[in-house]
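Engineer: For reference, the structure I am asking about is given below.
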Amino acid sequence: MGEILDGKAFANELGQNLKEKVKNLKEKGITPHFCVINIGDDPASKIYVRTKKRRAEKMGIIQDIYQMPADTKQEEVLALIDKLNADPTINGVMVQLPAPKQIDADELLERIDPNKDVDGLTPANIGRLWMEDHFIEPATAEGIIALLKHYQIKLDGKNVVVVGRSNIVGKPLAALMLEQNATVTICHLHTQNLGEITKKADIVVSATGQAFLITADMVKDGAVVVDVGMNHVNGKLVGDVDFDNVKEKASYITPVPGGVGPLTVQFLMEAVVKLTRRQNGRE
């Protein structure tokens, strides 16, 4: 049976160190401060925003939430981003995704100052990521790499299959895995014979938002399985992986909840502090 990759415990360990860094900054008159722009009433987004705020408060970080109505116009959001970019007291800016249909999220991300981009999703920072010259990385991808390193799981030379090609998780994770000298395959909705591909992988990461997509017959014995999915099934939070059956074959596996989720939030806080330090000449 697979060993549990306990993201929650690791996030709390990192949190203790980060609290100390924030305390040291505050002693020098610097308080990390970032803003989350949430447009509309997506229930999951509102939960994420609240979760971030609770974590920020625990770390001693100030988080402002700009809650905008669902019918907000593109120009209004762009004007708010411009205002936050220009405010020297704000160290980080992020737009909570998904945004309503009338909003062009790519244009919003492009408008964020790359030096305040806590999500690591501006074109400039994504470009730097693929060039292996990055200062900030998308939080989920960075959290997964850190978790694997924490459990001393080698990536060099390993076959890694990433299921899901989103700009937030799949693509940046593939870039970071390549940087660790893994051999990476990205699968997605149009991939044929998915199980045949995942079965060859030393490490399988699923980030599709499709409950129980990865079953035991799709995973080889001893594989490492990382589940990024968060799906509600019969009032219960489950991942993309059929956890109970896959854990019998995996050497390591992340649970949902308590696996990747807490690390996403923690690494967002780490990014806020990194940017704050850099803006204040303390890299």
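The values are calculated or read from the model by the stated rules, or taken from the named source; none is laboratory data. Since we're looking at a predicted model, the values are computed, not measured. Don't worry about glycine lacking a Cβ; one is built from the backbone with ideal geometry, like all the others, and counts go over all protein chains shown.
Engineer: Which helices (runs of 4 or more DSSP H) sit wholly inside the range 1-89 and have at least 1 residues that are out of contact with any Phe, Trp or Tyr (no Cβ under 7 Å at 6 or more places or on another chain), over 30 Å from ARG282 (Cβ atoms) and at pLDDT below 95?
Structural biologist: Working: elements: 7-27, 43-59, 74-86.
Per the criteria, 43-59.
Engineer: Could you please let me know if ALA99 is in contact with a helix residue (DSSP H, G or I) (Cβ under 6 Å, 6 or more places away or on another chain), more than 28 Å from LEU25 (Cβ to Cβ) and of a type outside the set (Asp, Glu)?
Structural biologist: It is true that ALA99 is in contact with a helix residue (DSSP H, G or I) (Cβ under 6 Å, 6 or more places away or on another chain), more than 28 Å from LEU25 (Cβ to Cβ) and of a type outside the set (Asp, Glu).
Engineer: Restricting the search to the range 234-247, which residues are out of contact with any Phe, Trp or Tyr (no Cβ under 8 Å at 6 or more places or on another chain) and assigned to a strand (DSSP E or B)?
Structural biologist: Correct list: LYS236, LEU237.
Engineer: Could I ask something else about it? When only residues in the range 167-207 that are in contact with a Leu (Cβ under 8 Å, 6 or more places away or on another chain) and part of a loop (DSSP other than H, G, I, E, B) count, which is farthest from GLY229 (Cα to Cα)?
Structural biologist: Only one residue fits best here, namely ASN181.
Engineer: Taking VAL265 as the residue in question, decide whether it is part of a strand (DSSP E or B) and either touching a residue at least 40 places away in the same chain (Cβ under 8 Å) or buried (at least 23 other Cβ atoms within 10 Å of the Cβ) (or both).
Structural biologist: The answer is no for VAL265.
Engineer: In addition: Can you say whether VAL228 is among the aliphatic types (A, V, I, L, M), in the same structural domain as ILE253 (by TED's automatic domain parsing) and farther than 20 Å from LEU263 by Cα, as far as the supplied structure shows?
Structural biologist: Values: among the aliphatic types (A, V, I, L, M): yes; in the same structural domain as ILE253 (by TED's automatic domain parsing): yes; farther than 20 Å from LEU263 by Cα: no.
No; evaluated as a whole, the condition is false for this residue.
Yes/no matrix, rows are residues, columns are (1) among the hydroxyl-bearing types (Ser, Thr, Tyr); (2) touching a helix residue (DSSP H, G or I) at 6+ places or on another chain (Cβ under 7 Å); (3) free of Cβ contacts under 8 Å to residues at least 12 places away in the same chain; (4) closer than 29 Å to PRO114 by Cβ:
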{"site": "ILE197", "(1), (2), (3), (4)": "no, no, no, no"}
{"site": "ALA216", "(1), (2), (3), (4)": "no, yes, no, no"}
{"site": "PHE243", "(1), (2), (3), (4)": "no, no, no, no"}
{"site": "VAL260", "(1), (2), (3), (4)": "no, yes, no, yes"}
{"site": "MET269", "(1), (2), (3), (4)": "no, yes, no, yes"}
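Engineer: Filter the range 90-107 for residues that are at pLDDT 95 or above and surrounded by fewer than 15 Cβ atoms within 10 Å (Cβ to Cβ) and give the result.
Structural biologist: LYS101, GLN102, ASP104, ASP106, GLU107 - these are the residues of the range 90-107 that are at pLDDT 95 or above and surrounded by fewer than 15 Cβ atoms within 10 Å (Cβ to Cβ).
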